[in-house]
Amino acid sequence: MGRRGEETKKTDSRVEELDRELSRMGIRIRDTDQRKVRDEVFDEVTLLALYKLANRKVINAVGGSISTGKEANVFFAKRGEDLDCVIKIYRIRTGNFNVMSDYILGDPRFASIRRNKKNIIFAWTKKEFSNLKRALDAGLPVPEPIAFDRNILIMDFIGEDGVPYPQLRLNPVDDPEAGYREVLGLITDLYQKARLVHGDLSEYNILHGGGRLWLIDMGQAVTPDHPSAHRFLFRDIQNTNRYFGSWCETLDEHEILRGIVGEDFFTP
């Protein structure tokens, strides 16, 4: 057996041992028997992070899949007997490192991180936790961040009776004009109160349920001093106008931007 084969065998052994340790703690990962999901999501680094979170009693069960995105998988989880939460796992092997770099490397909060894939993904996880906390503290409707470790983020469950609220694209608002104003209000409050720009806002990462709209997927959100912040903000406005434009009359995108950032931004 060559050196690579020996390393693979050692890694497989560590993964199996972590899996056994989690099982002994009562953490059984359901609905992930497919070899592809196991290999892409629950690797050694992820199982170690999951073990540490379980050991801290942050979670006591991992359930079925909620969604699979470009960079992450989201699963149901439990905290104690009755508290639902979700576990978001950023895939180290197949995550889009280049896209993440655009949002991370210009963020002054993460200026000192090493520019390799694993560290970028770990920083991204920390960044989403920080962004969610910042938005929540400012009164924005976002999932409450509970804990993070390496590439795993634990958040509050947004839904009812074990069913997640659907994306806005799947559950449009009854009153498009009111919904449009609500989204513009969220963009404005995010910028003015939380000092954040979502950066990837669309009908795919707004949930609709419980009588309101919720912002999710905050990993890419940046502070206004990011060099691309206002370009990202304008793109969020454009996406909002694009979606609601087929339902109701929309406002001028440049005027919306001016109203959010203020006149000083446009003064030479």
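The values are calculated or read from the model by the stated rules, or taken from the named source; none is laboratory data. Note that the coordinates shown come from a computational prediction; the quantities given were computed from them, not determined experimentally. Positions of Cβ are generated from backbone atoms using ideal geometry, with glycine treated the same way; all protein chains shown enter the neighbour counts. The area values use the complete protein model at the heavy-atom level, side chains included, leaving out ligands, DNA and RNA. Shrake-Rupley method; radii C 1.70, N 1.55, O 1.52, S 1.80 Å.
Kindly list, by first and then second residue, each pair from a residue in the stretch 237-256 that is within 8 Å of TYR180 (Cβ to Cβ) and open to solvent by less than 100 Å² (accessible area, probe 1.4 Å) to a residue that is assigned to a loop (DSSP other than H, G, I, E, B) and not acidic (Asp, Glu), limited to pairs with Cβ atoms under 7 Å and residues at least 6 apart or on different chains.
Correct list of pairs: THR240/LEU201; PHE244/THR250.
Among (1) in contact with a Leu (Cβ under 6 Å, 6 or more places away or on another chain); (2) within 29 Å of GLU182 (Cα to Cα); (3) of a type outside the set (Gly, Ala, Ser), there is one condition ILE104 misses while meeting the rest; what is its number?
(1)
Table: residues versus (1) farther than 15 Å from VAL45 by Cβ; (2) open to solvent by 60 Å² or more (accessible area, probe 1.4 Å); (3) in contact with a helix residue (DSSP H, G or I) (Cβ under 7 Å, 6 or more places away or on another chain).
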site	(1), (2), (3)
ARG93	no, yes, yes
MET100	yes, no, yes
ILE104	yes, no, yes
PRO108	yes, yes, no
ILE113	yes, no, yes
LYS117	no, yes, yes
ILE120	no, no, yes
LYS126	no, yes, no
PHE129	yes, no, no
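Does any residue in the stretch 33-47 that is open to solvent by less than 50 Å² (accessible area, probe 1.4 Å) come within less than 9 Å, Cβ to Cβ, of a residue that is in a loop (DSSP other than H, G, I, E, B) and modelled with pLDDT under 60 six or more places away or on a different chain, and which pairs are these?
Listed by first residue and then by second, the contacts come to VAL37/ASP31; VAL41/THR32; PHE42/THR32.
Which count do you get for residues in the stretch 199-236 that are open to solvent by less than 20 Å² (accessible area, probe 1.4 Å), under 16 Å from LEU136 (Cβ atoms) and of a type in the set (Gly, Ala, Ser)?
Of the residues in that region, 2 qualify.
Looking at the stretch 75-103, which of its residues are within 26 Å of LEU233 (Cβ to Cβ) and not basic (Lys, Arg)?
Once the filter is applied, which keeps residues that are within 26 Å of LEU233 (Cβ to Cβ) and not basic (Lys, Arg), the stretch 75-103 yields TYR90, GLY95, ASN96, PHE97, ASN98, VAL99, MET100, SER101, ASP102, TYR103.
Applying the selection to the stretch 9-56, what residues are assigned to a loop (DSSP other than H, G, I, E, B) and at pLDDT 80 or above?
Residues satisfying the conditions are VAL41, PHE42, ASP43, ARG56.
Within the stretch 107-121, does at least one residue satisfy the condition of being within 23 Å of LEU186 (Cα to Cα), touching a strand residue (DSSP E or B) at 6+ places or on another chain (Cβ under 9 Å) and without any contact (Cβ under 8 Å) to a residue 24 or more places away in the chain?
The answer is no; no qualifying residue exists.
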